[in-house]
């Protein structure tokens, strides 16, 4: 493979990025507060609006500001979470808001072909299939679809007659029982299924992570598909 090296100039937006970053860190623009409009900022820092927008885009990528519908550009609260586990429920752990409500819908069914392939199941085995909708302060922030072989329910001592036991399995116990996982990460655009669960417009960009959880003996525990609204999540994992 051939590589080519070119010298380049420092982009013009770097200076305004650094100035805004310093002012945010110094509290000139407090956490949770709304930034002034583009025209005011461009005049204050003596830059063009185009250069300002480039700097704001990088600040947004770095998680320092959030573009909020109806409020404008908000300074993000710096509440970085300490991740101590390799395997956890990312829908609750990695949300930048406090998830305070999880709606669970589930049923039992034979596996789809892809579920059989991912989980190594026969056609006759039964799955617990569940949809989970995550909310923070009444706002939907994410959605997950989880498939678990019913043999796992008895292995983890889950009472299928109790909704609370199913709820605990889907939100915590499943991840505590996993010894390893594989992850596939994609950018997708909301179709009619995601539109229904996430209450967003069709075509909305989403982050999808598909995870296969495994026992210590390498047998599959579950197939999980996590759908994140990017503005509500900061995704970080410990890789070992």
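The values are calculated or read from the model by the stated rules, or taken from the named source; none is laboratory data. In this text the structure is predicted, and so the values were computed from the model without any measurement. Positions of Cβ are generated from backbone atoms using ideal geometry, with glycine treated the same way; all protein chains shown enter the neighbour counts.
Provide a single number: the residues in the range 4-37 that are part of a helix (DSSP H, G or I) and surrounded by 13 or more Cβ atoms within 10 Å (Cβ to Cβ).
10
Take the conditions touching a strand residue (DSSP E or B) at 6+ places or on another chain (Cβ under 8 Å) and within 18 Å of residue 114 (Cβ to Cβ) and apply them to residue 193. Does it pass?
no
Pick out the one residue from 54, 40 that is within 26 Å of residue 206 (Cβ to Cβ) and part of a helix (DSSP H, G or I).
Residue meeting the stated conditions: 54.
Considering only residues of the range 98-107 that are surrounded by 12 or more Cβ atoms within 10 Å (Cβ to Cβ) and out of contact with any helix residue (DSSP H, G or I) (no Cβ under 7 Å at 6 or more places or on another chain), which is farthest from residue 162 (Cα to Cα)?
By that ranking, first place goes to 101.
Determine if the range 224-233 includes at least one residue that is assigned to a loop (DSSP other than H, G, I, E, B), under 25 Å from residue 117 (Cα atoms) and in the same structural domain as residue 155 (by TED's automatic domain parsing).
Looking through the range 224-233, none of the residues is assigned to a loop (DSSP other than H, G, I, E, B), under 25 Å from residue 117 (Cα atoms) and in the same structural domain as residue 155 (by TED's automatic domain parsing).
Give 99, 104 a once-over and let me know the one that is in contact with a strand residue (DSSP E or B) (Cβ under 8 Å, 6 or more places away or on another chain), in a loop (DSSP other than H, G, I, E, B) and in the same structural domain as residue 161 (by TED's automatic domain parsing).
Sole residue among the options that is in contact with a strand residue (DSSP E or B) (Cβ under 8 Å, 6 or more places away or on another chain), in a loop (DSSP other than H, G, I, E, B) and in the same structural domain as residue 161 (by TED's automatic domain parsing): 99.
Looking only at the range 50-71, count every residue that is in contact with a strand residue (DSSP E or B) (Cβ under 9 Å, 6 or more places away or on another chain) and surrounded by 14 or more Cβ atoms within 10 Å (Cβ to Cβ) and tell me the total.
Adding up the residues that qualify gives 6.
So which of 175, 237 is outside the structural domain of residue 149 (by TED's automatic domain parsing) and within 17 Å of residue 91 (Cβ to Cβ)?
Every option except 237 fails the conditions.
Conditions tested, residue by residue: (1) in contact (Cβ under 8 Å) with a residue 24 or more places away in the chain; (2) more than 20 Å from residue 97 (Cβ to Cβ).
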site	(1), (2)
28	no, yes
31	yes, no
35	yes, no
39	no, yes
43	no, yes
48	no, yes
54	yes, yes
57	no, yes
64	yes, no
